[in-house]
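Below is one structure, written out as structure tokens; comments come after it.
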Amino acid sequence: MPHPSSTPPPNADGTVIASRFTVTDRAGTKVGGAFETCAKEIVGGRPVTAYCSGIIEVEGKGKVAFQASRAVSGDPKDDHALVTGVVTGGTGAYDSAGGEMDLTPPATANGTWTAEFR
């Protein structure tokens, strides 16, 4: 879930975004936090691709690092498409983590993203 301090500053062009999130388990209990940065590739004055990297921390267990990218078409329906990222490592219980992470965007602007690992 987005952290309240994650809103972009006024007049920001949105080409680089940094966000903090609250991490909850399937039951909705807070279990940690996450941080993500994204940069948008601009072609012809409009964004065409977003490249993101981040860390998800589960308190008392460890952290998982990931990277992902997706096309930015300008079509609002595309904002709700599944994004598959690459798990690039981890700490603690997630030491030597690898594989993929599916990110499902929320149906609403302030909704909850879902991350599933494989």
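The values are calculated or read from the model by the stated rules, or taken from the named source; none is laboratory data. Not measured: the values here are computed from a predicted model. Virtual Cβ from ideal backbone geometry, glycine too; neighbours counted across all protein chains shown. Accessible surface areas use protein heavy atoms only, side chains included; no ligands, DNA or RNA. Shrake-Rupley method; radii C 1.70, N 1.55, O 1.52, S 1.80 Å.
Between THR91 and THR114, what is 0.36 nm times their sequence separation minus the Cα-Cα distance? Round to one decimal in nm.
Difference between extended and current length: 6.2 nm.
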Original post:
For the modelled label position 7 Å from the Cα of VAL16 along Cα-to-Cβ, which residues of segment 35-52 have backbone nitrogen atoms closer than 19 Å?
Top reply: 35-43, 45-52
**OP:** Pull up all non-local amide H partners of GLU100: gap of 5 or more, or a different chain, and H-to-H distance under 5 Å with H placed in the peptide plane.
**Re:** VAL87, ARG118
Original post:
With every protein chain left in place, what is the accessible area of TYR51 in Å² (1.4 Å probe, nearest 10)?
Top reply: 120 Å²
Subject >> Label point distance in nm, THR49-THR84, each placed 7 Å from Cα along Cα→Cβ >> reply: 1.7 nm
